[in-house]
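Working notes, beginning with the structure itself.
The values are calculated or read from the model by the stated rules, or taken from the named source; none is laboratory data. This structure is a prediction, so every number in the text was calculated from the model and none was measured. Neighbour counts are summed over all protein chains in view; Cβ atoms, including those assigned to glycine, are modelled from backbone coordinates with ideal geometry. The area values use the complete protein model at the heavy-atom level, side chains included, leaving out ligands, DNA and RNA. Shrake-Rupley method; radii C 1.70, N 1.55, O 1.52, S 1.80 Å.
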2 protein chains.
Amino acid sequence: MSRDQISTKSRILDTTWSLLETGKSAVRMSDIAKAVGISRQALYLHFPTRAELLVATTRHIDDVKNVEARLEKSRSATTGIDRLHAFIEAWGGYIPEIIGVSAALRAMRDAESAKAWDDRMQAVRHGCEAAVRAIAEDGRLKPELTQRDATDLLWTLLSVETWERLVRDCGWTQDRYEQTIKDLAEAALVARG
Amino acid sequence: MSRDQISTKSRILDTTWSLLETGKSAVRMSDIAKAVGISRQALYLHFPTRAELLVATTRHIDDVKNVEARLEKSRSATTGIDRLHAFIEAWGGYIPEIIGVSAALRAMRDAESAKAWDDRMQAVRHGCEAAVRAIAEDGRLKPELTQRDATDLLWTLLSVETWERLVRDCGWTQDRYEQTIKDLAEAALVARG
DNA sequence: CCGCAACTTGACGCCATGTCAAGAGATCAG
DNA sequence: CTGATCTCTTGACATGGCGTCAAGTTGCGG
């Protein structure tokens, strides 16, 4: 296991990640194997299916990019609005890091991949929920919105698909995306005061 | 061709449509053939590829649901805001009709399908553009927004993915979806007056 | 009766995932 | 040194879609 300086498993994860980030639509098991410099079959010695390799890759990116630390910042915000902004920056800024593996995972049609992606989205939803709760506790949530509805809306604004539309399809910069989502989220959720 | 009361081609299109609307993820050529009551190979006598069958199905739905007439209503609105509302009703209300074939088309990874879907989305974008222009001509467009930016935003709000998030994932009713998108679009695009 | 058009049956190629079997080469324990 | 084990290799094979090909069959119009 510790024979190689960097374990084959990590090299597989890094390589998978970088291949996916190139945006090429078809990243096959054989492509990954070739890029790592091992046989296709050796891949299956480390990851039983393509789906599990992709899921492991997302976790690997989380480790490397330290997603927990990013989200910590949003949790320590004092006002609800600050928390909203910090969360949009944290998650919205994380989307470009995972967009490749995200697209690959969503393109898989099997139940296992769907569930893995869904779990991740539920985690984001919890972040939205917390931001909405903080706004509500400040008494700034629009009175006609339940916390549930507000969470649904924020979650939709922060979906990867929305990011793809604006940044990839419409050519927006990351900064403009983040600023616009902040404005939109405020307009949608926060009572004018 | 006119031997059958209803031509095989139409039966294929109707059957494909209804199979896709059931929401089953895997609708294979053999599934469609079986449901139509013909051999799988006969399908290929009418449609050379699965992609072309799907594209033909969207056009068939357009015919049956008379999408042109729906959009006509939005074009005849007098004020920009009315036009915005009418367009959101027209397209937003059309999404549930095509959601099945839309998902199938987006799930195809080949260039032909991607282009077909893209063309359709560009048509929607033109509708957004027209609504934004009408608002601008009324002098009600937010001064900090270019028409281009406003179109990008409206187009994103009206994406099929946004509909899926709110209606399918969050369980919103169609009415609530339409009302919320209208509110959100107004908040995002229209200057307070 | 001929011929064509629509359809059938059955086989095949392609391609990607995933499986299986039989090793090769390095390392480590005794 | 020997044998066990772990990682990786080569090569073959199954499976499940799509798409293709060839050789019928059926039914109708001329």
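Quick notes on this one:
- List B:Leu158, A:Leu45, ordered by accessible area with a 1.4 Å probe, largest first: A:Leu45, B:Leu158
- Per principal axis, descending, Cα span of region B:52-132 in whole Å: 41, 23, 15
- Debye-formula intensities of region B:8-48, expressed as log10 I(q)/I(0) at q = 0.26, 0.27, 0.30 Å⁻¹, are -0.85, -0.91, -1.08 (one equal scatterer per alpha-carbon, no solvent).
- Measuring with a 1.4 angstrom probe and ignoring ligands and nucleic acids, B:Glu161 comes out at about 50 Å² accessible.
- The average projected area of region A:23-81, computed from the convex hull of its Cα atoms over all directions, is 6.0 nm².
- Dimensionless Rg/Rh of region A:1-114 - Kirkwood Rh, Rg from C-alpha atoms: 1.06
- Principal axis dimensions, the protein assembly as shown - Cα atoms, whole angstrom, descending: 73, 61, 32
- Computed FRET value (nearest 0.05) for A:Lys73 with B:Ile6, which takes r as the C-beta separation and R₀ as 51 Å: 0.25
- For B:Asp31, solvent-accessible area (1.4 Å; no DNA, RNA or ligand), Å²: 40 Å²
- On full extension, the segment bounded by A:Lys65 and A:Asp169 gains 34.9 nm, given 0.36 nm per residue less the C-alpha separation.
- Inter-copy label distances at B:His126 (7 Å, Cα→Cβ; nm, one decimal): 4.7
- For region B:38-193, alpha-carbon Rg and Dmax in angstrom: 17.3, 62
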